[in-house]
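Heads up: the structure comes next, in structure tokens.
The values are calculated or read from the model by the stated rules, or taken from the named source; none is laboratory data. Nothing here was measured: the structure is a model prediction, and the numbers come from that model. Ideal geometry is used to build each Cβ from the backbone, glycine not excepted, and the neighbour counts take in all protein chains shown.
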Protein chains: 4
Amino acid sequence: MDTTLQDLKIQVCEANMKLKNSGLVKLTWGNVSGLTAENKIMAIKPSGVDYKELTPEKIVLTSLDGAEQYGSEMAPSSDAPTHMELYRAFPSIKGIAHTHSTYATAWAQAGAAIPCYGTTHADAFYGEVPVCDQLRQEQVESDYEVNVGKMIVAYFSNLGLDPEEKPGVLVPGHGPFSWGKDAEAAVENAIILEEVAKMACLTRGLQPCCDLLPDYILNKHFSRKHGPDSYYGQS
Amino acid sequence: MDTTLQDLKIQVCEANMKLKNSGLVKLTWGNVSGLTAENKIMAIKPSGVDYKELTPEKIVLTSLDGAEQYGSEMAPSSDAPTHMELYRAFPSIKGIAHTHSTYATAWAQAGAAIPCYGTTHADAFYGEVPVCDQLRQEQVESDYEVNVGKMIVAYFSNLGLDPEEKPGVLVPGHGPFSWGKDAEAAVENAIILEEVAKMACLTRGLQPCCDLLPDYILNKHFSRKHGPDSYYGQS
Amino acid sequence: MDTTLQDLKIQVCEANMKLKNSGLVKLTWGNVSGLTAENKIMAIKPSGVDYKELTPEKIVLTSLDGAEQYGSEMAPSSDAPTHMELYRAFPSIKGIAHTHSTYATAWAQAGAAIPCYGTTHADAFYGEVPVCDQLRQEQVESDYEVNVGKMIVAYFSNLGLDPEEKPGVLVPGHGPFSWGKDAEAAVENAIILEEVAKMACLTRGLQPCCDLLPDYILNKHFSRKHGPDSYYGQS
Amino acid sequence: MDTTLQDLKIQVCEANMKLKNSGLVKLTWGNVSGLTAENKIMAIKPSGVDYKELTPEKIVLTSLDGAEQYGSEMAPSSDAPTHMELYRAFPSIKGIAHTHSTYATAWAQAGAAIPCYGTTHADAFYGEVPVCDQLRQEQVESDYEVNVGKMIVAYFSNLGLDPEEKPGVLVPGHGPFSWGKDAEAAVENAIILEEVAKMACLTRGLQPCCDLLPDYILNKHFSRKHGPDSYYGQS
């Protein structure tokens, strides 16, 4: 096997373990994938495998159209078609995480976008965390997981949202997907999304008509961490 | 001792420890049982024993009518008669778990069924998690634990509920019972029930009049994991 | 030193560590005491000592009027006078725990007794967990900690409450005290009180006008674990 | 390097680790600083560094005007200018902690001061935990972190608040800053602030119109732990 693919499998395995160890995943409810530099091959967790038994060898490699599978012969995560749709539509992302983390899922079940109430949120998401539309019956009954991906892509496209400014989304009645420049960044955004979801839930409990963070603070915090003028961290 | 019974005691001991380690049990508030393949002998946690001191040798074996006890001479869990009623009425289940897990118990105390707000729920429970009726005074004053079991069975029978589609129930003012194809599956359903109870509680806080998950998504998710057309996990 | 006193110091030290390890205590906010069989000498945690540095040798021994101190020369917990008042008034108790555990303290801050909504509660408290009256200014300004104890005792006496049926109380604006047959039992009741407080808080959130547990179930559950007809646990 | 500065770096490193281990910090969202006895040099966490990789050698030393940096060449926390403003205005404090801890941040996002509902709060904060004013656009767009510090200082000055009686503040839409006589005390106040924020949130849920703790109890508890008449802990 190609060294780069071997590295990707190790990286994706570690990102899956980090997701589990962060407390965002109960049982086997979560999956992380990563993409090669050429955007051709996706590495993803196998379906329904206990995290305790996950090794880089079990990580599944597939072409982005799902037609070819390399290395591990295990079935990929049932959500793999959703990941593929996102990778094909958003060329700048190379890692995706999906969880049923408690607070983000509660917002998804409530069918509500997470408002930007503070700088913790603004440091990672430029404005609300969107909730896409509900699939129609025929979109669920055939090619369900493909259609979840297509729905997210259509929602971002119709509203002109930038996946680098919104590194995650809520699927209504389901839960969050998040992404980033690699598998680890996708997991980090899953952690942020869950914490922001919890803070917003508590904020609304304290103040049901809470004002959003002013735009000028949102701009400041997002640009402090992202883009050409960022100055957070070590250069 | 028969090897199969020895295996069952080990399996039931491990399932009790898993329940404890999952954080669903405070002090000694929980018990898991398992049944032999022939549905004749039940293995269950002894009453009021500290989990730190639980060993397979202490697991109690009894006939399903409670008339005979084998091996360990400790008193079985005080809830043993409830387990027996469920095993006799629901022949497809071979494991039962009972907890006072926080959020599931809160729903039970509120006397409310847990509505199906999302796919996390639909992956394990086909529709709401039911709450059965409250026992009457005379049913509590004699044969209480037997009558808890009879009430659950009568509730499922009267409403035509299938214990494979609803692998758990709330006893009002008390807490949840869950079950499955063996002791480990019963514990897994206890974990799912608690997480689903927490998510539904938070969802209702965010959106008091939240819509239920559409039926076509409920059908999709339940059948994706259960029954002849399931495709989640490794075949 | 007398062996019995040495045993008591070890028991009280372990009970304090159990309180800390149960997650009920932040920083140094908690204390547990125990009493000798003759109800003459109290062993209690020293004031403001880090749990990591607590050893049986540091446990303070005092006479029940506080006039004499034996062994360790450290200052006893500032709440020691409260413990002494309770021991003198309630001769059947030989262990007391005080915490600022989160949910019990929230009920105390709200000035509300914890209603009995379920069997988890009924297994340990016969009816609501009471909240005693607020101290008046002069009772706070001199002999504050003595007066906290006197207030609890007066409240139980005026209402004819039995400290064996109500093994704990909330001091309004402050937090819970719990007790039992020894220091370990007091800690166990502190754990139960906190969990019951959390469940009741969530129950009320789901159903603001929730019915209390019917009396006949309260009677059944309390007597199943306490008194001459108890049958829970190993005899 | 000067021994005192070396000790300060060790102390500040340990305080940062304690903040992380207390569960108040997700990812890299937090920082603690400490000051030399002469109030001349500040030691602070470097920006965006993983706690797992933090060592005393990486702690950044700067003069209080930020003009000179000693030892480590890493970029200091982006919040360093806020710390400097606080140290210059409040000469009695020698440690500062900043977090995005969940409940304190929820109150900050709600734009509400945390009312003093109980003795847990009164033991550390003399009355409500204040929320300062929101910065205006021009204060955010240039010298943002300096202006956060100036705003806190102006708020305390305008209202005549004493930083020793109020060892922390909420920045609206952002989160808490806390302080104390050294870095460790600042972290301890961050822990207290978060717990007090959680208790107040739950208290308000149980009783939306909850009375404040009476002044005579507030006075008693604060003075029991602080000032010339304190008697808590070992003298």
Take the range C:149-187 and flag every residue that is under 18 Å from C:Gly127 (Cα atoms) and charged (D, E, K, R). C:Asp162, C:Glu164, C:Glu165, C:Lys166
Condition set of a type outside the set (A, V, I, L, M, F, W, C) and touching a Pro at 6+ places or on another chain (Cβ under 8 Å), scope the range A:51-65, selection farthest from the other protein chains (Cβ to nearest Cβ): answer is A:Thr62
Only one of (1) under 30 Å from C:Ala110 (Cβ atoms); (2) in contact with a strand residue (DSSP E or B) (Cβ under 9 Å, 6 or more places away or on another chain); (3) not aliphatic (A, V, I, L, M) is not met by D:Thr102, so which one is it? (2)
Residue pairs qualifying under the 8 Å Cβ cut-off, at least six apart or on distinct chains, with the first in the range A:133-150 being more than 10 Å from B:Tyr216 (Cα to Cα) and the second being of a type in the set (Asp, Glu), are A:Glu145/A:Asp79; A:Val146/A:Glu85; A:Val148/A:Asp79; A:Val148/A:Glu85; A:Gly149/A:Glu85; A:Lys150/A:Glu85
Just checking, which of D:Ala122, D:Ala104, D:Ala112, D:Ala183 is buried (at least 18 other Cβ atoms within 10 Å of the Cβ) and touching an Asp or Glu at 6+ places or on another chain (Cβ under 7 Å)? D:Ala104
When you scan the range C:1-74 for strands (runs of 3 or more DSSP E) that lie fully inside it, which ones turn up with 2 or more residues that are among the β-branched types (Val, Ile, Thr)? C:41-44, C:60-63
Does A:Glu85 satisfy the condition of being more than 14 Å from every other protein chain (Cβ to nearest Cβ), modelled with pLDDT of 95 or more and farther than 21 Å from A:Lys181 by Cα? no
Filtering the range A:148-186 down to residues that are over 12 Å from the mean Cα position of the chain (by Cα) and within 14 Å of chain B (Cβ to nearest Cβ) yields A:Val148, A:Met151, A:Pro172, A:Gly173, A:His174
What is the one condition in (1) within 14 Å of another protein chain (Cβ to nearest Cβ); (2) under 30 Å from D:Gly23 (Cα atoms) that A:Ile10 does not satisfy? (1)
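Does D:Leu19 satisfy the condition of being touching a Ser or Thr at 6+ places or on another chain (Cβ under 7 Å) and touching a residue at least 60 places away in the same chain (Cβ under 8 Å)? Show your work before the answer.
On the way: touching a Ser or Thr at 6+ places or on another chain (Cβ under 7 Å): yes; touching a residue at least 60 places away in the same chain (Cβ under 8 Å): yes.
So D:Leu19 passes the test.
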Residue in the range C:113-130 that is more than 17 Å from C:Phe90 (Cα to Cα), within 11 Å of chain D (Cβ to nearest Cβ), part of a helix (DSSP H, G or I) and in contact (Cβ under 8 Å) with a residue 12 or more places away in the chain present: no
Residue match in the range A:48-61 (condition: small (Gly, Ala, Ser) and either over 21 Å from the mean Cα position of the chain (by Cα) or closer than 22 Å to A:Gly180 by Cα (or both)): no
May I ask you to list pairs of residues, at least six apart or on different chains, whose Cβ atoms are under 8 Å apart, with the first in the range B:66-78 being within 14 Å of chain C (Cβ to nearest Cβ) and modelled with pLDDT under 90 and the second being surrounded by 14 or more Cβ atoms within 10 Å (Cβ to Cβ) and in a strand (DSSP E or B)? B:Ser72/B:Pro46; B:Ser72/B:Val60; B:Ser72/B:Leu61
Evaluation of C:Leu61 against (1) at pLDDT below 95; (2) buried (at least 21 other Cβ atoms within 10 Å of the Cβ) (one fails), failing number: (1)
The number of residues in the range A:89-103 that are assigned to a helix (DSSP H, G or I) and more than 10 Å from chain B (Cβ to nearest Cβ) is 1
Close pairs from the range D:187-210: first closer than 18 Å to D:Ile96 by Cβ and within 7 Å of another protein chain (Cβ to nearest Cβ), partner surrounded by 22 or more Cβ atoms within 10 Å (Cβ to Cβ) and at pLDDT 95 or above, Cβ under 7 Å, at least 6 apart: D:Glu188/D:Gly180; D:Ile191/D:Leu24
